[in-house]
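Here's the structure, in structure tokens; my notes come after.
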Amino acid sequence: MVEHGINATQAIVTLDVALPGIIWGWMITLNMWAKSIGTGVILVGAFLLYRHKKEEMPNLRWMMPLIAFIALNVFLLFTLTDLHHPYRMVNIFLHPHWTSAITVGAWMASLFTGLITVMMLIGGFDAYPDFRKNCGIAKSIRGISPFYEKIFPFVVFLAIPVTLYTAIIMAESSARELWQAPAEVMQMMWAAFMAGSSALILISNKWSAEARKDLALVLAIATFFSFMMYMGEYFFSFKSSEAEATLAFVHAGGAYNTEFWFGMVLGFIIPFFIAVSSMKSDNKTLLRFAAILALVGLYMAKDVWLKIPQMLNLS
């Protein structure tokens, strides 16, 4: 809040006041959700390419970077939109401060997105040889196709810090006891595996049954451990009075009780059992249904977990 200004020096005297209400709203929820998809498809895709031949997953090399590219640009767009002065974003690149998690994360995310773009272009031209012939670039594309495999390990490596750095930013927020770095880091990682496997399940119709079983396995593991982490916080928050007061918003009668449990049931419990059953019987339709539920439930869980600490009075 501006108290007064001094015209001669153009100085502004301000007073620190608490910002009431929710400052990080749906934009940041969508930001984190899209980032989980963008990084998760790379991590899960790398696991599948290690386990199976690419012929068993004919569209993976093309669709994996395409999904990541779209999700990461949604992530970057809403990050920029949420800033009060978006044009100042350029200072992160022109005048970087490497002690800031935001600066380091922005550089990594930008490099990650750039490499994903290269992979998407190479994979797209490989997937559609007729198109590249019509463009007259068949020979040149054939020459750079091996570049896909060369940059892929760096993309997989970058996917890990890119999906985790938001947890560090949240943990740095003062007076937000619920956002503890170790727990948030693991939540971000499991969310990436959960969202990545769900997104790839939606495009796996022509894949081998073994590849889909591995996707179901990843989804089952990710939903199980994500659910266990939320339940650990839900039932054992008594060690911190602030965390306990925060979680009162999702306990019985709390303002976010319904949304929280809808997220848990839709996004974690139901997909877990469907994924386990899909490991025994290859039911494509049921597995895709589980993937959609997991993505919807993950968004709801992230939305609750982001908003409830902001509803606690800081004084």
Revision key, fill the gap. Per the filter on the stretch 96-122, residues at pLDDT below 80 and either over 22 Å from the mean Cα position of the chain (by Cα) or acidic (D, E) (or both) are P96, H97, W98, T99
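Residue-by-condition table, conditions (1) part of a helix (DSSP H, G or I); (2) modelled with pLDDT under 95:
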| residue | (1), (2) |
| --- | --- |
| M186 | yes, yes |
| M189 | yes, yes |
| N205 | no, yes |
| E210 | yes, yes |
| L219 | yes, no |
| T223 | yes, no |
| M231 | yes, yes |
| Y234 | yes, yes |
Check your understanding: Across the stretch 52-111, what is the number of residues that are of a type in the set (D, E, K, R) and either in a loop (DSSP other than H, G, I, E, B) or under 20 Å from I160 (Cα atoms) (or both)?
Key -> 2
Exercise for review: Collect the residues in the stretch 275-311 that are in a helix (DSSP H, G or I) and without any contact (Cβ under 8 Å) to a residue 40 or more places away in the chain, keeping them in residue-number order.
Suggested key: S277, T285, L286, F289, L293, V296, G297
Review point. Given the conditions (1) touching a helix residue (DSSP H, G or I) at 6+ places or on another chain (Cβ under 7 Å); (2) within 29 Å of E56 (Cα to Cα), and given that L312 satisfies all but one, which numbered condition is not satisfied?
Key: (2)
Check your understanding: Right, F47: over 19 Å from S197 (Cβ atoms), part of a helix (DSSP H, G or I), within 18 Å of the chain's Cα centre (by Cα) and of a type in the set (F, W, Y) or not?
Key -> no
Review point. Can you tell me which residues in the stretch 233-260 are buried (at least 16 other Cβ atoms within 10 Å of the Cβ) and either among the acidic types (D, E) or free of Cβ contacts under 8 Å to residues at least 60 places away in the same chain (or both)?
Key: E233, S237, A248, V250, G254, Y256, E259, F260
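The values are calculated or read from the model by the stated rules, or taken from the named source; none is laboratory data. Remember, it's a predicted structure, so these values are computed and weren't measured experimentally. Here the Cβ is made from the backbone with ideal geometry for all residues, glycine too, and neighbour counts use every protein chain on show.
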